[in-house]
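J.: My questions will all concern the structure given below.
The values are calculated or read from the model by the stated rules, or taken from the named source; none is laboratory data. On a predicted model such as this, the values are computed, not experimentally measured, just so you know. Here the Cβ is made from the backbone with ideal geometry for all residues, glycine too, and neighbour counts use every protein chain on show. Heads up: the accessible areas ignore ligands, DNA and RNA and are worked out on the full protein's heavy atoms, side chains in. Shrake-Rupley method; radii C 1.70, N 1.55, O 1.52, S 1.80 Å.
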Amino acid sequence: MSETGRSTRERILQAAGKLFYGEGIRAVSVDAVAEKAGLTKRTLYYHFRSKDDLIAAYLEIRDQPNLALFRRWFAEADGDVAAKVEAIFRNLARSARHPKWKGCGFLRTSVELVNLPGHPAMVVGRAHKKRVEDWLCSVFEEAIALREARQLARQVVMETAGAAAAHLVRGLMPAPRKSIKVAKGRRTIRPRIG
């Protein structure tokens with residue numbers, strides 16, 4: 001691709017990124033992206049076959065920077081692997097408090113396209129999530145030789161967030177107390193939480 005073609009494509013992606021992130025992918029038309037990029041719609045379609053392809057490309061350019069940011073936060077954190085993973089979430093929480101934060105572009109896009117699992121952007125989103133999981137898995141395998149590294153990595157990237165949250169809650173709950181209840185002439189012991 002020529003330098004002019006590359007810069008045009010980059011302009012389109014930059015304009016799309018600002019609009020998609022700011023307003024949502026469904027709310028933004030191809031006309032709006034072309035106008036923001038200072039191009040005709042025809043020029044936009046020369047570089048992207050469809051809006052769906054543009055949405056996927058918007059996420060593709062976020063993939064490596066996001067992963068690099070997680071790696072940097074991990075590397076810069078002090079402490080053991082657990083402390084370093086916690087630092088990723090601490091940095092995410094700090095970022096979320098920024099006035100311009102509108103959430104993760106991957107998650108926001110997946111919410112808007114939840115009924116279209118085969119959409120090109122959903123494919124890109126799943127691939128990004130897998131790369132983050134693979135990176136964490138390799139960190140866990142290398143740093144602590146953990147046999148369950150894949151499962152732990154999956155929990156950290158929240159594929160199994162419900163199970164991870166339940167595990168955390170169970171770990172802090174007091175043991176259930178037993179109560180005695182009489183049922184039709186016989187005594188039964190039933191656990192009671194309280």
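J.: Within the stretch 61-82, does at least one residue satisfy the condition of being part of a loop (DSSP other than H, G, I, E, B), within 30 Å of Cys137 (Cα to Cα) and among the acidic types (Asp, Glu)?
T.: Yes, that holds for at least one residue.
J.: Count, please, the residues in the stretch 66-84 that happen to be surrounded by 14 or more Cβ atoms within 10 Å (Cβ to Cβ) and farther than 15 Å from Val156 by Cβ.
T.: 1
J.: Okay, next question. Assigned to a helix (DSSP H, G or I), within 22 Å of Ser7 (Cβ to Cβ) and more than 18 Å from the chain's Cα centre (by Cα): is that true of Glu35 in this structure?
T.: Yes.
J.: Related question: Give the number of residues within the stretch 85-137 that are part of a helix (DSSP H, G or I), more than 20 Å from Gln155 (Cα to Cα) and of a type in the set (S, T, N, Q).
T.: Number of matching residues: 2.
J.: Filter the stretch 103-120 down to the residues that are under 13 Å from the mean Cα position of the chain (by Cα) and in contact (Cβ under 8 Å) with a residue 60 or more places away in the chain, then identify the one that is surrounded by the most Cβ atoms within 10 Å (Cβ to Cβ).
T.: This residue is Thr109.
J.: Which ones in the stretch 43-65 are more than 14 Å from Thr109 (Cβ to Cβ) and open to solvent by 40 Å² or more (accessible area, probe 1.4 Å)?
T.: Across the stretch 43-65, the qualifying residues are Thr43, Tyr45, Tyr46, Arg49, Gln64, Pro65.
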